[in-house]
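The values are calculated or read from the model by the stated rules, or taken from the named source; none is laboratory data. Since this is a predicted model, take the numbers as computed values, not measurements. Please note that ligands, DNA and RNA were not included when accessible areas were found on the heavy atoms of the full protein model with its side chains. Shrake-Rupley method; radii C 1.70, N 1.55, O 1.52, S 1.80 Å.
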Amino acid sequence: MAEDLNIAKGDKKTQYESLLPQIEALLTGEPNLVANLANIAAALKEQFNWFWVGFYWIIEDELVLGPFQGPVACTRIKKGRGVCGAAWERSATIIVDDVEKFPGHIACSSLSKSEIVIPIFKDGKILGVLDVDSSELAAFDATDQVYLEKIVAMIP
Ligand code: SME
């Protein structure tokens, strides 16, 4: 496909509906994981302009920073630590409306106010997480969860 993203306007659902087939096209025929994670992070950042969008991958017993868009971030997170480590431990999506109220939240930046972390599974095994941070409180809801879970399920 052309490398230009078509940025949709409108409500959140409209934006995701426009983005989904474009992400699918970006992933089609590309088996390289780093390339695919990098393009997903870039596409999400371009469409929604969130503060930070990126991946942490499980390597041995830690989450290790992967492709991302946004300010520099912590490189390693242990299981159960922060929102990312909690999503890994629970194997479940976590939405945090106010990161200051999440016990153990890892503050990579004081500008981050709310967060959603989506676990990534392959053949029933958790491989990593998608982490999205917003500079606004309560930026994420069930719509984000549904669509971001669909997006990570597309990773070949
Ligand atoms: N806040 C995350 C750490 C990663 S950064 O936000 C990029 C957490 O508590 O897991």
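The table that follows gives values for the structure above.
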{"read-out": "J(HN,Hα) series, the range 88-103, from Karplus relation 6.51 cos²θ - 1.76 cosθ + 1.60, nearest Hz, glycine and proline x", "value": "5, 4, 7, 6, 8, 5, 10, 10, 10, 6, 9, 4, 5, 9, 8, x"}
{"read-out": "Mean Cα-pair separation over length for the chain, i.e. relative contact order, pairs under 8 Å, 6 or more apart, %", "value": "21 percent"}
{"read-out": "Projected-area average for the range 12-153 over all orientations - Cα convex hull basis, square nanometres", "value": "7.8 nm²"}
{"read-out": "Accessible surface of residue 95 - all protein chains present, 1.4 Å probe, nearest 10 Å²", "value": "60 Å²"}
{"read-out": "Surface accessible to a 1.4 Å probe, residue 110 within the full protein complex, Å²", "value": "100 Å²"}
{"read-out": "Residue-level accessible surface for residue 79, protein heavy atoms, 1.4 Å, Å²", "value": "110 Å²"}
